[in-house]
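Right, one structure below, let's go through it.
The values are calculated or read from the model by the stated rules, or taken from the named source; none is laboratory data. Quantities reported herein were computed from a predicted structural model and do not represent experimental measurements. Heads up, the Cβs are rebuilt from the backbone with ideal geometry, glycines too, and the neighbour counts pull from every protein chain shown.
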């Protein structure tokens, strides 16, 4: 028996909305979230597929890319945006920024704002992607690229580094300089983007060196200066036994350096410190901070290239992993038993 074919009037009737509202949903225009949800549920129930969506979006291209950023004050964000803007401009696209301050409600507002503006694609920058936000991004029906983060769904593309391997490399470097009691100033314990993989890299490096992981030397916190400062003050006050620190971000490392110096200790003579990110400030601390450097501008460029490609060919998915590098400066001192030259 031939399958019954439904039209947009049937969708609108089942959803209990006007035909105009249903039309706005399939044409990616703004409607109230509750009305959009009713229309999408009706489309799914009736197995209604608006085949003209892709052609309509292409014909009505706004030549605009929506960029969701987690913290506009972050120097990391600025470097990634520089790369995004460069490639987007060269490709004929303007960008629309929305600062979400790592707030889920603001992320939802950003998605709605992008839909009202009918952006041609979206780049989501550097925050942990929640399930609801991922679903909201998919409902925009435009290509989405994650920069410095990922989400396990083939609808999305991403540009990242290998955070686990980068952390492993940094801790292996400290072990090679003779350190065996290495403290980890970790990120958020439930952060699958940075916190978890960098902690896993730390543990893998210690394991390969035959060094037991001491849970008392792993401090989960955040990625800002103040967390590094406060956590290091507490560790020093508790007189924990360690000779080196691997910090999950340069900001955390710089905060920790301040706490060490306030305690009358010296970096690296009394305590070696390695950071993560390669921000410009790391070069100007005293002593200069050894750090894992991420190619931030390159990440932005590649994210923009990938998005432009997806907007042209209509494909989904594709993950690009870029290389990292260890920048050696003066914040690490070799101990007895050092194996590196």
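Could you tell me whether region 70-89 includes any residue that is assigned to a strand (DSSP E or B) and either under 19 Å from the mean Cα position of the chain (by Cα) or over 30 Å from residue 326 (Cα atoms) (or both)?
Among the residues of region 70-89, not one is assigned to a strand (DSSP E or B) and either under 19 Å from the mean Cα position of the chain (by Cα) or over 30 Å from residue 326 (Cα atoms) (or both), which makes the answer no.
Take residue 287 and tell me if it is surrounded by 19 or more Cβ atoms within 10 Å (Cβ to Cβ) and in a loop (DSSP other than H, G, I, E, B).
It is false that residue 287 is surrounded by 19 or more Cβ atoms within 10 Å (Cβ to Cβ) and in a loop (DSSP other than H, G, I, E, B).
What is the number of the single condition among (1) assigned to a loop (DSSP other than H, G, I, E, B); (2) buried (at least 22 other Cβ atoms within 10 Å of the Cβ); (3) at pLDDT 95 or above that residue 223 does not meet?
For residue 223, the exception is condition (3).
Between residues in region 89-115 that are within 12 Å of residue 67 (Cα to Cα) and residues that are at pLDDT below 90 and outside any loop (DSSP other than H, G, I, E, B), which pairs lie under 7 Å by C-beta distance while being six or more apart or on different chains?
96/117
Consider region 193-218. How many of its residues are part of a helix (DSSP H, G or I), in contact (Cβ under 8 Å) with a residue 24 or more places away in the chain and crowded, with 16+ Cβ neighbours inside 10 Å?
Total meeting the criteria: 10.
Exactly one condition in (1) within 17 Å of the chain's Cα centre (by Cα); (2) within 30 Å of residue 335 (Cβ to Cβ) is not met by residue 137; state its number.
It fails just one condition, (2).
Looking at region 243-278 only, could you name the residues that are part of a loop (DSSP other than H, G, I, E, B) and either under 13 Å from residue 331 (Cα atoms) or more than 21 Å from the chain's Cα centre (by Cα) (or both)?
243, 263, 264, 265, 266, 267, 268, 269, 270, 271
Look through 311, 281 and report the one residue that is outside the structural domain of residue 145 (by TED's automatic domain parsing), touching a residue at least 60 places away in the same chain (Cβ under 8 Å), part of a helix (DSSP H, G or I) and more than 17 Å from residue 218 (Cα to Cα). Break it down stepwise before answering.
Details: 311 fails: outside the structural domain of residue 145 (by TED's automatic domain parsing).
None of the other options fit; the residue is 281.
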